1. Mind checking which residues of segment 246-261 are assigned to a loop (DSSP other than H, G, I, E, B) and surrounded by fewer than 18 Cβ atoms within 10 Å (Cβ to Cβ)?
2. All but one of (1) crowded, with 23+ Cβ neighbours inside 10 Å; (2) on the phi > 0 side of the Ramachandran plot hold for Ala234; state the number of the condition that does not hold.
3. Can you find, within segment 76-92, the residue that is surrounded by the fewest Cβ atoms within 10 Å (Cβ to Cβ) among those that are outside any strand (DSSP E or B) and under 32 Å from the mean Cα position of the chain (by Cα)?
4. Could you list, in sequence order, all residues of segment 267-280 that are open to solvent by 50 Å² or more (accessible area, probe 1.4 Å) and more than 24 Å from the chain's Cα centre (by Cα)?
5. In this structure, does Ala215 turn out to be among the aliphatic types (A, V, I, L, M), touching an Asp or Glu at 6+ places or on another chain (Cβ under 6 Å) and touching a residue at least 24 places away in the same chain (Cβ under 8 Å)?
6. Assess whether Arg187 counts as being assigned to a strand (DSSP E or B) and either at pLDDT 95 or above or open to solvent by 40 Å² or more (accessible area, probe 1.4 Å) (or both).
7. Consider Leu243 carefully, then state whether it is buried (at least 17 other Cβ atoms within 10 Å of the Cβ), under 29 Å from the mean Cα position of the chain (by Cα) and at pLDDT 95 or above.
8. With without any contact (Cβ under 8 Å) to a residue 12 or more places away in the chain and in a helix (DSSP H, G or I) as the only criterion, which of Arg30, Arg25 stands out?
Amino acid sequence: MLSGLVIVDKPQGWTSHDVVGRMRRIAGTRKVGHAGTLDPMATGVLVVGINKATRLLTYIVGTSKTYTATIRLGESTVTDDAEGEVTATRTTTGITEDAIHAGVAALTGEIQQVPSSVSAIKVNGERAYARVRSGEEVKLAARPVTIHRFEVHEIRRVRAGEAAGEAVDVDVTVECSSGTYIRALARDLGEALGVGGHLTALRRTQVGPYTLDQAHTLEELAETLDVLEMSDAARALMPNRELSEAETTEISFGRRIAAGTAAGTPDAATADKPAAAFAPDGTLVALLADAGSYAKPVLVFAPDNEKHGNAIQGNGKQAGQ
């Protein structure tokens, strides 16, 4: 059974769910998922898991992301991006490059960010964007995010529209923690400068260790399905642990083994951030978490059971496919 990750270069206008549907047809399986939603307007890296590799997606979702984007200052929209109706237009005549750089610096590092009201965050069981579309006013709570890098590449003045005055477009690169909304950064930069702002272009260039250089368009994948094998995917994603033959046998049956060398340190493997354990032949055997003097399996891909397409959870029970 084909299992692995596919790094898709998502096209503009497609939802992440659309991409999953297309990949199900290309891969010939229903068991397909993705790690980290991209808005329809956005393009770039969407990590898709096939069959057993869907079990790795939960560990990819929380990794850092990198984007290139264009922020338009002088216009606000209901969605904080170019897909929404313009709600306000303000002059940018007094906005200097120094002010823009200062505003970017203030939004770098650990910040509190209020997500866009039309995000997919659930409010009392319903998506925020659905409540907004039904006419409800939605105010989401601020949440902590980390902007590791917010770099300005180019600042240029543009005509925003026939009835609008001169706007300012700012091309940027943003490297950020999971859960960051780039369109909220555009909104907040505009508000800090007193002119409003929204996102006009967004391209994700990296998710964790997976980059745009590895990505393929859906058309290319329909011709040749390029799958990153699970062992290679896990090696790039997590700390690695090489097992002996005896340890491989024990872990294959969901048993504990001695803790890894990082046990008892801040780098110790945990259930949320496990280590990928490999058999002597390089096969991915399990994801491990250190617990005291032992390492216990979080998820086991038992070599003997792989022939039958089965995986074992850390408690030793077989997990349904």
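The values are calculated or read from the model by the stated rules, or taken from the named source; none is laboratory data. None of these values were measured; they are calculated from a predicted model. Cβ placement follows ideal geometry from the backbone for every residue including glycine, while neighbour counts extend to all protein chains displayed. Ligands, DNA and RNA are stripped out before the accessible areas are found, and what is left, the full protein with its side chains, is counted by its heavy atoms. Shrake-Rupley method; radii C 1.70, N 1.55, O 1.52, S 1.80 Å.
1. Phe253, Arg255, Arg256, Thr261
2. (2)
3. Glu85
4. The answer is Pro280, and nothing else.
5. Yes; evaluated as a whole, the condition is true for this residue.
6. In short, no.
7. Taking the combined requirement at face value, the residue does not satisfy it.
8. Exactly one of Arg30, Arg25 is without any contact (Cβ under 8 Å) to a residue 12 or more places away in the chain and in a helix (DSSP H, G or I), namely Arg25.
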